[in-house]
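A quick write-up on the structure given underneath.
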Amino acid sequence: MIAGVVICLLAYLLGSVPIGLLLARLKGIDIRKVGSGNIGFTNVLRAVGWRYAIPTLIFDLGKGFFPPFFALWFGLSEWVAILAGLFAICGHNWSIFLKAKGGKGVLTSCGVFLGLAPVPTLCAVGIFCLVLLLVRFVSVSSTIATISLPIFIFFISRDSFSILILALVSAIFVVVKHIPNFKRLMAGTEHKIGKR
C-alpha cells in the first residue's frame with residue numbers, strides 16, 4: 001500500500017517536470033509565449049528546433065513509461081501500475097510546478113501505454129503517422145490516434161479491462177486538452193507540421 005502511494009506520488013512529480021519549457025529557456029525562450037503556447041514536443045520543435053525537441057520527446061515518453069514499469073518491476077499490482085501511469089499523465093497535464101497548467105499529455109500517455117499495452121500502442125502510433133501524412137495537423141493526428149487506442153486495446157488485449165479504462169480516460173484528457181486546437185482549426189489558424 002505504502003509503496004503504491006509512493007510510486008504514484010513520484011510519478012506525478014516526474015510527470016510534472018516541464019522539460020520542454022526548461023530546454024527552451026536554455027535559448028532564452030519562454031515556450032508558453034510563442035506558437036501555440038504548449039510546452040510539448042510540437043511547439044518546442046517549431047520554436048527552438050530539433051536539437052531541443054528530440055530530448056523533449058524522449059523525456060516526455062520516459063516519464064510516462066517508467067512509473068508503471070517500475071511499479072510492475074517491484075511486484076506491485078497491475079492497478080498500481082495503471083494508477084502510476086495516470087498520475088504521470090496528470091502531472092504532465094496539470095503540473096505542480098506550473099500552477100496546475102501543463103501539456104496535452106499525448107507523448108506521456110504514449111509512454112504509459114508502450115509499457116502496458118505495446119502492440120495496441122504501436123498500432124495507434126501507426127494511425128498517428130498515417131493521419132499526419134494525410135492532413136499535416138499534429139493536433140488532428142494525436143486526437144485520432146488517442147481515440148483509436150482503446151479500440152485497439154479492446155480487440156488486441158481483451159483481458160486488460162483495467163488498461164482499457166485508463167486508455168479511455170487518457171483519450172478524454174487528450175480531447176479536452178486539444179479544444180483550443182479545434183477552435184483554431186475551425187478558424188483556419190492552426191499550423192500544419194513543418195510550419196511556424
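A few notes on this one:
- Some residue of segment 54-65 being aliphatic (A, V, I, L, M), touching a Phe, Trp or Tyr at 6+ places or on another chain (Cβ under 8 Å) and closer than 12 Å to residue 12 by Cα: no
- Hits in segment 66-124 - residues which are among the polar types (S, T, N, Q) and under 20 Å from residue 41 (Cα atoms): 93, 95, 108, 109, 121
- Failed condition for residue 71, given (1) farther than 20 Å from residue 118 by Cα; (2) in contact with an Asp or Glu (Cβ under 9 Å, 6 or more places away or on another chain); (3) buried (at least 21 other Cβ atoms within 10 Å of the Cβ): (1)
- In segment 39-55, residue surrounded by the most Cβ atoms within 10 Å (Cβ to Cβ) [restricted to those that are at pLDDT below 95 and within 24 Å of residue 68 (Cβ to Cβ)]: 40
- Single residue of 71, 84 found to be in contact with a Cys (Cβ under 8 Å, 6 or more places away or on another chain) and at pLDDT 95 or above: 84
- Which numbered condition residue 191 fails, given (1) surrounded by fewer than 22 Cβ atoms within 10 Å (Cβ to Cβ); (2) in contact (Cβ under 8 Å) with a residue 40 or more places away in the chain; (3) in a helix (DSSP H, G or I): (3)
- From the list 134, 107, the one residue that fits, being without any contact (Cβ under 8 Å) to a residue 24 or more places away in the chain and either among the aliphatic types (A, V, I, L, M) or crowded, with 19+ Cβ neighbours inside 10 Å (or both), is 134.
The values are calculated or read from the model by the stated rules, or taken from the named source; none is laboratory data. Because the structure is predicted, anything quoted here is derived from the model rather than measured. No Cβ is skipped: glycine too gets one built from the backbone with ideal geometry, and neighbour counts run over all protein chains shown.
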